[in-house]
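Down below is the structure, laid out as structure tokens.
The values are calculated or read from the model by the stated rules, or taken from the named source; none is laboratory data. Because the structure is predicted, anything quoted here is derived from the model rather than measured. Heads up, the Cβs are rebuilt from the backbone with ideal geometry, glycines too, and the neighbour counts pull from every protein chain shown.
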Amino acid sequence: MLETLLAFLNKPSGYQTPLPEADARHAMGALMVRAAKADNTYLFEEIQVIDRVLAGRYGLNPIEAAKMRAACQKLESQMPDTSEMTGILKNAISSDEKEATLSALWAVVYADGVNHAEEDALLHQIEDVLGISPERAKELQIAAQT
């Protein structure tokens, strides 16, 4: 215990939790965080959608979903390349899951009621890396608006 306390006191920025593994689950969460932040804001409504998607997709309770989102936020801040995060998903999930992921990303983008050009550009980049056709991606985008 003394070692932990000394480690905490010796770090000028305070205690740092380790970076979560960049698996498909965390990559998806990190992409949702990145989509929420694409317009340079990160609103409560977007956080709610992220938590709801994580809980529903992975069978988590609200506290577990919030903890996972926090880990995904950390991963998102440390992994600057969106294509790299998306590539983790591309190779690990089925076509249906890719479409569900893109739908979830659009839901996050629309959570604040405003769609910005930066968000569109980011999601079009992600759909391209995931291999979702522009036509199908547009259908998923329209469905997320309703």
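Here are a few things to note about the model shown:
- Residue in the range 75-92 that is modelled with pLDDT of 95 or more and out of contact with any helix residue (DSSP H, G or I) (no Cβ under 8 Å at 6 or more places or on another chain) present: no
- When restricted to residues that are part of a loop (DSSP other than H, G, I, E, B), buried (at least 17 other Cβ atoms within 10 Å of the Cβ) and within 13 Å of the chain's Cα centre (by Cα), the range 77-109 contains 1.
Listed here are the residues, each with its yes/no results for (1) in a helix (DSSP H, G or I); (2) touching a residue at least 24 places away in the same chain (Cβ under 8 Å); (3) in contact with a Lys or Arg (Cβ under 8 Å, 6 or more places away or on another chain).
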residue	(1), (2), (3)
GLY29	yes, yes, yes
TYR42	no, no, no
GLU46	yes, yes, no
ILE50	yes, yes, yes
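- Screening the candidates ALA55, ALA36 for the property of being over 20 Å from GLN125 (Cα atoms), assigned to a helix (DSSP H, G or I) and modelled with pLDDT of 95 or more yields one hit, ALA55.
- Test result for GLU139, out of contact with any Gly (no Cβ under 6 Å at 6 or more places or on another chain), over 23 Å from LEU43 (Cβ atoms) and free of Cβ contacts under 8 Å to residues at least 40 places away in the same chain: yes
- Matching residues in the range 110-127 - criterion: being within 17 Å of the chain's Cα centre (by Cα) and either of a type in the set (Phe, Trp, Tyr) or in a helix (DSSP H, G or I) (or both): TYR110, GLU118, GLU119, ASP120, ALA121, LEU122, LEU123, HIS124, GLN125, ILE126, GLU127
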